[in-house]
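Heads up, the thing below is written out as structure tokens.
The values are calculated or read from the model by the stated rules, or taken from the named source; none is laboratory data. Just so you know, these numbers come straight off a predicted model, no measurement behind them. Virtual Cβ from ideal backbone geometry, glycine too; neighbours counted across all protein chains shown.
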Amino acid sequence: MSATAAGGGLDVLIVSLGSTAGLRDADEELAASLRRAGARVEVAPAARPAPVRTMALTDLAWARAARAAALEALRTDGARRVIYSTTTAALLWPRPGAIRFDATAAGNRPGRHGFWQRPLERRRLRAAPLLLPLDEGALAELPQEERALASERALVLGLAVEPSGPPPPQRTLDAITYAGNPRKKGLDRVLAAWRAARASGAAAGELVVAGASAGELRRAGIDLAREPGVRDAGRLPREEYRALVRSARVFVCAPRREDYGQAQLEALADGCVLVTTPAPGPYAALPIARRLDGRLVDDDLATALGAGLAHPDPAGYAARALSELAPLRAQAIDARVAAELVPRLAAT
């Protein structure tokens with residue numbers, strides 16, 4: 001049976017939280033993959049709510065926006081299979097559906113930040129006919145008794161990752177980091193490691209900081225103008241950002257928690273050597289980075305950065321990275337969507 005035939009007649013609604021560009025891209029990519037499998041797909045984006053002061057209120061505002069988007073879309077066709085993108089989008093769902101998620105409130109909303117989300121999330125995960133974690137690590141963060149129940153209904157489906165273009169003849173940047181949400185991404189720790197690497201002579205070129213607005217940097221107490229050898233690229237269109245990644249020798253990061261790590265996977269696809277600290281969370285790139293070169297995964301980020309910049313075989317590292325990424329290449333994701341996701345959605 002062809003991929004198109006497998007999905008023929010299946011109507012799917014993706015309720016997209018879309019609180020970040022990465023989430024929006026992921027939802028559009030899933031929709032495109034389902035369409036290639038023959039399904040008819042609509043993406044219903046939640047309207048961005050006004051900013052509020054706490055994480056608990058932020059999640060409530062987004063959950064209400066996702067419910068409104070789902071209700072509006074279901075008015076025209078109530079028979080659709082529904083995929084809620086993130087557990088937050090599912091918290092106030094108008095009806096059960098599949099849940100796609102990189103992390104759960106059980107893992108990334110500790111204490112008061114998730115006081116109402118965690119118990120409601122447990123009920124939604126029990127009621128969902130299908131769970132679509134991006135990585136096995138997302139399930140591992142659930143309480144043990146919930147994990148076994150969730151595993152029976154889970155299909156791990158990562159995000160497609162591809163090289164963004166041909167590698168340049170020469171990489172002109174020493175290093176790049178992605179700093180959207182600077183504190184969570186550990187930008188302060190990256191800058192400290194960069195200063196130490198420059199002081200030791202291990203780094204002499206330029207570190208580019210991308211993905212963070214001036215306001216985000218200011219709220220994090222970071223002034224890049226005071227950092228020697230650092231260039232602030234700010235927020236960039238995706239194509240420009242990936243072009244910068246292709247020009248860098250090293251992608252360096254020090255997340256305090258990583259819910260998936262798509263930026264790191266993309267950097268590996270574009271031939272960067274990945275230098276990172278270990279981090280809690282379902283960090284999909286972490287085991288890959290350890291297999292590629294364990295010296296470059298270390299809490300002593302300055303030493304690891306020096307080793308990354310002096311890597312003896314960056315071309316061989318890049319080739320092995322692409323081999324590690326084979327299960328996440330677009331063709332592999334499309335095959336899994338057609339062979340496994342479409343039939344399981346149809347059965348819900």
- Query: Just checking, which of PRO119, PRO96 is surrounded by 15 or more Cβ atoms within 10 Å (Cβ to Cβ) and within 26 Å of ALA65 (Cα to Cα)?
  - Reply: PRO96
- Result of the Cβ filter at 6 Å on region 241-254, keeping first residues that are within 15 Å of ALA179 (Cα to Cα) and partners that are among the acidic types (Asp, Glu) and not in a helix (DSSP H, G or I), at least 6 apart or interchain, is VAL245/ASP270
- Message: Taking the criterion of being within 15 Å of VAL209 (Cα to Cα) and of a type in the set (Gly, Ala, Ser), would at least one residue in region 273-286 satisfy it?
- Response: no
- What are the residues in region 136-164 that are out of contact with any helix residue (DSSP H, G or I) (no Cβ under 8 Å at 6 or more places or on another chain) and under 26 Å from ARG80 (Cα atoms), if any? GLU152, ARG153
- Note on the structure: Of the residues in region 313-329, those that are surrounded by fewer than 15 Cβ atoms within 10 Å (Cβ to Cβ) and within 21 Å of GLU136 (Cβ to Cβ) number 3
- Item | From the options ALA47, ALA56, residue that is within 26 Å of TYR178 (Cα to Cα), among the hydrophobic types (A, V, I, L, M, F, W, C) and touching a residue at least 60 places away in the same chain (Cβ under 8 Å) | ALA56
- Kindly indicate whether ASP334 is part of a helix (DSSP H, G or I) and touching a Ser or Thr at 6+ places or on another chain (Cβ under 6 Å). yes
- Item | Elements of type helices (runs of 4 or more DSSP H) in region 1-95, at least 3 residues being of a type in the set (A, V, I, L, M, F, W, C) | 3-7, 21-36, 55-76
- Extreme residue, farthest from the chain's Cα centre (by Cα), among residues of region 57-83 that are modelled with pLDDT under 95 and basic (Lys, Arg): ARG75
- Item | Set ARG295, ARG290: member being of a type in the set (Lys, Arg), assigned by TED's automatic domain parsing to the domain that holds GLY180 and over 22 Å from the mean Cα position of the chain (by Cα) | ARG295
- List the pairs whose first member sits in region 102-115 and is closer than 15 Å to GLU146 by Cβ, whose second member is among the hydroxyl-bearing types (Ser, Thr, Tyr) and crowded, with 22+ Cβ neighbours inside 10 Å, and whose Cβ atoms are under 7 Å apart, counting only residues at least 6 apart or on separate chains? THR104/THR87; ALA105/THR87
- Task: Answer yes or no: is there a residue in region 211-228 that is closer than 19 Å to LEU159 by Cβ, buried (at least 21 other Cβ atoms within 10 Å of the Cβ) and in contact with a Phe, Trp or Tyr (Cβ under 9 Å, 6 or more places away or on another chain).
- Result: yes
- Of all residues in region 243-283 being more than 28 Å from GLY107 (Cα to Cα) and of a type in the set (Gly, Ala, Ser), which is surrounded by the most Cβ atoms within 10 Å (Cβ to Cβ)? ALA248
- Residue check: is GLY186 more than 17 Å from SER164 (Cα to Cα) and surrounded by 15 or more Cβ atoms within 10 Å (Cβ to Cβ)? yes
- Taking the condition in the same structural domain as ALA204 (by TED's automatic domain parsing) and at pLDDT below 95, does GLY180 pass? yes
- Task: Considering every residue within region 181-189, establish whether at least one is polar (S, T, N, Q), free of Cβ contacts under 8 Å to residues at least 60 places away in the same chain and part of a helix (DSSP H, G or I).
- Result: no
- Out of (1) surrounded by fewer than 20 Cβ atoms within 10 Å (Cβ to Cβ); (2) at pLDDT 95 or above; (3) in contact with a strand residue (DSSP E or B) (Cβ under 9 Å, 6 or more places away or on another chain); (4) within 22 Å of LYS185 (Cβ to Cβ), the one THR54 does not meet is (3)
- Message: For region 296-330, give me each residue that is assigned to a helix (DSSP H, G or I) and β-branched (Val, Ile, Thr).
- Response: THR303
- Task: Mind telling me which of the residues ARG195, ARG171 ends up being in a loop (DSSP other than H, G, I, E, B) and closer than 20 Å to ARG249 by Cβ?
- Result: ARG171
- Query: When you go through (1) surrounded by fewer than 19 Cβ atoms within 10 Å (Cβ to Cβ); (2) of a type outside the set (D, E, K, R); (3) under 19 Å from the mean Cα position of the chain (by Cα) one by one for PRO166, which number turns out not to apply?
  - Reply: (3)
